[in-house]
Structure formats: C-alpha cells, structure tokens
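The values are calculated or read from the model by the stated rules, or taken from the named source; none is laboratory data. None of the values given here were measured: they were computed from a predicted structure. Every residue, glycine as well, gets a Cβ built from its backbone with ideal geometry; the counts of neighbours run over all protein chains shown.
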Amino acid sequence: MPSKRLILSYIFDWIVIALIAGVGGGWNYIKPYHRPFSLVDLSIANPYKVHETIPTWLLIFVGLVIPAGVVFAVCLIFVPGPTASRGTPNSLIWKRKIWEWNTGWMGLALSLATAFMVTQGMKVLFGKPRPDLLSRCQPDLTSLSEATVGNYGSGFNQLWILVTSDICQQPDDDLLQDGFKSFPSGHASFSWAGLLYLTLFLASKFAVAIPFLPPRPFSTNPAHTSAIAPSNLKNKNSFATGKTATDSSLSYPSYSEDHVVPIRYQAAAPPVWTLVLVLVPVASAIYICSTRFTDYRHFGFDLLFGSLIGITSAWFSFRWYHLPITRGAGWSWGPRSYERSWGIGVGVGSYVGTEGWSHHPGSSPLDNGGPAGITDSERHDDPRRIEGDDAV
C-alpha cells in the first residue's frame, strides 16, 4: 500500500497549485496602475465592443475544460497501451491509468495557474491602456486642465498633452479599470498555457515528434549502413535487451559492438495525419489571440508577450511531470519516494529513492509493477521505455 505521507505530499501539491491560481485571482481586486495617455492618440481610440468574440467563459471552456477532458479520456482509454502483458492484474492497470491521469491534470493545472498568476500580476503593475480606452473613459474636456500631467505639445494644439484617468467620467468603475489592463493579454497566455500543454501531452502519448536517434556506439562496417536491409536476417532482436522476436516484414541483427541495427532502422517519421492531432490545439490558440486584436482589446505586442507566458508555462509544466516526448514512450515521471516526498537535503540529488511508495526499507517503485503500474513487459519489450528509464 502507498504510504499516507507520500499521498499527502501530492495532495499538498494540488493545494499549492490552487494557491497559485488564487493569487492570480486576487490581483483582480487590486486597482491597476493608470498610465497617462493622450486624447489625440488614435491607437487607443478604437470603439468598445460589448460582445467579445471569445468571452471569458468560452476561454475557460476551451483552455481548461476541453484539455482536461481529453487528458482524462486518453488516460482512461489508451493507458497503459500494448506494453502491458495480457496477464497484468487489473489493479496494476488501473493504478497506471490513475497515475497518468493525476500527473496529466497536475501539469495542466500548474500551467494554467502559473500563466494566470503571472499575467494578472503584470496587468496590475504596468497599467497599459487598451486600444479602446477612450471609448471606455468618456473624457470630460471641461476638466482638461486638472487632469493634465504634461503640456509640452500644447503650444501646437491644446489637446496634445498627457492626461490622467481623472479626466474620465465613465460611471462603471470596473469597465474603466479593465481599460488599463492591456499588457499582457490574458486570453493569449491562458489559451496557450492550456492548448499547447494539450499538444505536448498528445504528442507524448502518441509519439508525434521528429524522429529521435539515441546516442549509441555504431559499427564501422559499411555493410551495416546499406540502404537495403540484409536479406539473411531472420530474427528481429531487441537491440536493447538481446531478446528474440519474430517479424515477417523486417529483421534486425542482435546488439553488439561490431554489428548493430542500421541507423535508418532505429527511428521513423510518424504518419503526417498525426500532425493534425497536435496542431488543432495550437491553431485554436492562434485564433483566440486574433480575436483579441480584432475586438480592440489588445495591441500586437500584448498578444505576443501573453503568448510567450503561456508557451513557457505549458512547456515548463509538461516537463515538470512528463518525460521528454522523444524518449519517454508517452509516460509521465514516476512518483517521489517515501523518504523524499516532502523534500531532500543538499547532496542527495534526486527525489527518487529505493523505498518507492512504501515506507518499507528496500522496496522499489517498480516492485510488482508498482502503484504506477509499470510491468515487466513494459520494461523489456519496449526500447523506448528503457530509454525513458535511463532519462530519469
């Protein structure tokens, strides 16, 4: 049985993620800095659109609900995949499904929460006017002199001055405060944080990536790099385990220092249709960003920087919980060990220990498949699984 200590440490991880999102939500209750603006600045004179193309509720549905649903469905249906032998107990199968589902959702939550917190905090700090600020402001020209903060252009035209938000007579204070939250774009950061994370998750689970060639010693015999596979090879041997299996379409030599699998047979490009699987979320994020430009809510740089926040959060959060796409065989990292569930000291170097989930000395995360559901067949029959373990 998994130790309560370790389970509680992951529950606390969820609490921390919720706190990160809570901090981001708290920024909304802080009045943003109001950057002075000009009444003749045409870049902030766009009309205010009452009905947004992508309202906040739809953004949450597309950036959070849909990715969470897809992650859940993939883990429920496809995990653990063909690497689990036919005789694997259902208990281990469901442990792996639940573990992958948990890490899939934790990564998504961390990505969205981080992007949300950073974006909302920056909006308050910078207080940049939106492209539709003047429409929101409804300036009162009779108080022009009281709101003036710079009159360097008044000799040319009395309106060529900078004014503060004191000139605004907008009765809806929330609408006015939101007018100073242009940088960075929250729609851009949130959509990229959720949808790019979904792209990385799907690419990992279904191996949609540029073929990766792991570093290995290769034979110097020119015959081994022939464009045509040797016809006298009858057995398909795993170059990672040395075990023999039968394949009528292709055969490989056994692994040794002087005779190895030809480089061209160690990786292959995925089917092109799988690109659609991973590019649809990216295309959706791009479309959401475009609507913020056409709705006059953000400038181009606001969208670019918001996208950068979301992209960074998605990549970081995915790698926090998952192995590299090209080397991880679609798996997330295994759990921390019992003794290191809450932290480690200087010089230890890893949160994985020999005791695994249990507090019993000498137990291992991989014993009997472990709570994560790793099976012997997964370790021996899938070279990618071995590479993923080596990457730990």
message: Can you find, within the stretch 64-122, the residue that is modelled with the lowest pLDDT among those that are charged (D, E, K, R) and out of contact with any helix residue (DSSP H, G or I) (no Cβ under 7 Å at 6 or more places or on another chain)?
response: Arg86
- prompt: So which residues in the stretch 177-202 are of a type outside the set (Lys, Arg) and outside any helix (DSSP H, G or I)?
  reply: Gly179, Phe180, Ser182, Phe183, Pro184, Ser185
- prompt: Can you name the condition, by its number, that Ala147 falls short on among (1) modelled with pLDDT of 95 or more; (2) in contact with a Cys (Cβ under 9 Å, 6 or more places away or on another chain); (3) not assigned by TED's automatic domain parsing to the domain that holds Phe190?
  reply: (1)
Residue within the stretch 317-328 that is more than 28 Å from Gly24 (Cα to Cα), of a type in the set (Val, Ile, Thr), in a loop (DSSP other than H, G, I, E, B) and touching a helix residue (DSSP H, G or I) at 6+ places or on another chain (Cβ under 8 Å) present: yes
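Applying the selection to the stretch 306-320, what residues are over 10 Å from the mean Cα position of the chain (by Cα) and surrounded by 18 or more Cβ atoms within 10 Å (Cβ to Cβ)? Step through it out loud before you land on a result.
First, the residues of the stretch 306-320 that are over 10 Å from the mean Cα position of the chain (by Cα): 306-309.
Residues satisfying the conditions are Gly306, Ser307, Ile309.
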query: Which condition number does Trp160 fail, the rest of (1) at pLDDT 90 or above; (2) surrounded by 15 or more Cβ atoms within 10 Å (Cβ to Cβ); (3) not basic (Lys, Arg) being met?
result: (1)
message: I need the full set of residues from the stretch 121-133 which are in a helix (DSSP H, G or I) and surrounded by fewer than 24 Cβ atoms within 10 Å (Cβ to Cβ), in order please.
response: Gly121, Met122, Val124, Leu125, Phe126
Pairs with Cβ under 6 Å, 6+ apart, first in the stretch 51-74 and assigned to a helix (DSSP H, G or I), second among the basic types (Lys, Arg) and surrounded by 14 or more Cβ atoms within 10 Å (Cβ to Cβ): Val74/Lys205
task: Kindly indicate whether any position in the stretch 15-29 is modelled with pLDDT of 95 or more, exposed (fewer than 13 other Cβ atoms within 10 Å of the Cβ), aliphatic (A, V, I, L, M) and farther than 24 Å from Ser191 by Cβ.
output: yes
- line: Note on Leu159: of the conditions (1) more than 30 Å from the chain's Cα centre (by Cα); (2) part of a helix (DSSP H, G or I); (3) hydrophobic (A, V, I, L, M, F, W, C), unmet is (2)
- line: Over the stretch 51-84, the set of residues among the polar types (S, T, N, Q) and exposed (fewer than 13 other Cβ atoms within 10 Å of the Cβ) is Thr56
- request: Among what's in the stretch 85-115 and is of a type in the set (Gly, Ala, Ser) and either surrounded by 23 or more Cβ atoms within 10 Å (Cβ to Cβ) or in contact (Cβ under 8 Å) with a residue 60 or more places away in the chain (or both), pick the residue that is farthest from Thr199 (Cα to Cα).
  value: Ser85
